[in-house]
Amino acid sequence: MKRFIRNSVKETFDNLPSGICYFDKNGVLTLCNYRMYRLFFDLTGKDLQSLPEMQADLKGDLIGGRKENDIFLSEDGSAWHFSQECVTTQDGSTYTQVVASDITELYRRQRELEQDNQRLKEYAERMRRLSADIITLIREEEILNMKMRVHDDIGRSVIATRRFLQQNRPMSELDLLVWKNAVSLLKHNTELPQEQDALASLMSAAYGIGIRIILDGKLPEDAAAADVLIAAIRECMTNAVRHAKARELYVYLTCDGKTASVAITNDGAVPSGRITEGGGLTSLRFRVSQHGGTMQVRHTPKFELMVSVPFGLEENR
């Protein structure tokens with residue numbers, strides 16, 4: 001019966017998933033399971049005999065497998081970690097216990113994490129380069145906006161000048177403010193206008209091309225948001241004269257504390273069908289979207305342009 005129990009204990013000990021062995025106080029091997037025997041032989045090509053021999057062989061070059069820091073990788077793809085501690089029995093005897101733990105799954109996950117971290121570093125570097133490109137794009141966008149503004153201002157000036165010539169009116173009545181603004185932009189001397197200056201310039205430009213702006217509400221204090229809304233009004237003003245032969249432009253401005261909006265209509269001819277956005281409206285839509293805003297164009301029952309932009313546009317950009 002005792003032999004049966006002893007054999008059962010030995011069989012269970014040998015079948016443990018971890019390698020385990022014990023050495024007496026002199027470093028002599030006293031007990032070792034099959035997993036530890038097999039693992040040590042696969043790694044070193046030697047039979048396990050003593051603790052000093054085991055420690056020396058595991059620190060040296062391995063015959064089978066390889067070592068990464070304190071992790072041992074066998075040729076079958078499994079990963080092992082060796083730990084050592086002293087244990088004392090009930091009779092006071094002291095032994096050194098060495099355990100080889102199977103950490104294959106943990107090692108695999110660690111490797112995946114390292115690969116993920118490497119990919120994140122690569123993504124971060126790409127984002128850094130992308131951020132530098134964005135700065136360049138913003139600078140190019142600002143140049144494009146200036147060119148668009150000069151184009152619009154000169155276009156309105158040409159229309160106004162032609163009207164004066166056709167009506168044989170004295171040139172002294174021609175408002176040259178728009179021409180001056182265009183020239184100033186070309187010389188890079190113009191700063192972003194304040195609300196009143198912007199409105200005054202807009203009203204003057206409207207008078208020059210033969211249309212009256214009827215304004216309901218006021219521009220937001222947020223300068224960047226106001227600049228986008230002014231660009232929308234300016235685009236509608238020019239298109240209303242060119243395409244709808246309008247005499248009045250109706251502008252409705254609203255602010256809710258976080259967003260500024262404008263709705264623009266006119267008294268001109270109603271569009272005959274869905275509006276195809278040309279270069280001006282397309283550029284305006286791009287500018288609005290770049291600032292995190294929205295833009296809608298309706299053609300029925302009358303033309304209407306609606307633009308909404310959030311405050312703090314510099315941050316969104």
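The values are calculated or read from the model by the stated rules, or taken from the named source; none is laboratory data. Please read these numbers as outputs of a predicted model, since none were measured by experiment. A quick note on method: Cβ atoms are made from the backbone with ideal geometry, for glycine too, and the neighbour counts reach across all protein chains shown. Quick note on the areas: whole protein, heavy atoms, side chains included, nothing else; ligands and nucleic acids left out. Shrake-Rupley method; radii C 1.70, N 1.55, O 1.52, S 1.80 Å.
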Self-check item: Residue within segment 269-289 that is under 30 Å from the mean Cα position of the chain (by Cα), free of Cβ contacts under 8 Å to residues at least 24 places away in the same chain and farther than 13 Å from Cys236 by Cα present
Solution: yes
Quiz prompt | Long-range neighbours under 9 Å by Cβ, at least six apart or interchain, first residue of a type in the set (A, V, I, L, M, F, W, C) within segment 111-137, second outside any helix (DSSP H, G or I) and at pLDDT below 85 | solution = Ile134/Arg317
Quiz item: Which of the residues belonging to segment 53-63 are open to solvent by 40 Å² or more (accessible area, probe 1.4 Å) and either in contact with a Cys (Cβ under 8 Å, 6 or more places away or on another chain) or over 16 Å from Gln97 (Cβ atoms) (or both)?
Solution: Glu53, Ala56, Lys59, Asp61, Ile63
Quiz item: Restricting the search to segment 102-122, which residues are within 22 Å of Leu48 (Cα to Cα) and open to solvent by 40 Å² or more (accessible area, probe 1.4 Å)?
Solution: Asp102
Quiz item: Looking only at segment 14-27, which residues are free of Cβ contacts under 8 Å to residues at least 60 places away in the same chain and exposed (fewer than 12 other Cβ atoms within 10 Å of the Cβ)?
Solution: Asn15, Asn26
Self-check item: Of all residues making up segment 192-238, the number that are over 19 Å from Gly293 (Cβ atoms) and of a type outside the set (Phe, Trp, Tyr)
Solution: 23
Quiz item: Can you pull out the residues in segment 37-52 that are open to solvent by less than 60 Å² (accessible area, probe 1.4 Å) and either free of Cβ contacts under 8 Å to residues at least 24 places away in the same chain or within 51 Å of the chain's Cα centre (by Cα) (or both)?
Solution: Leu39, Phe40, Leu43, Thr44, Gly45
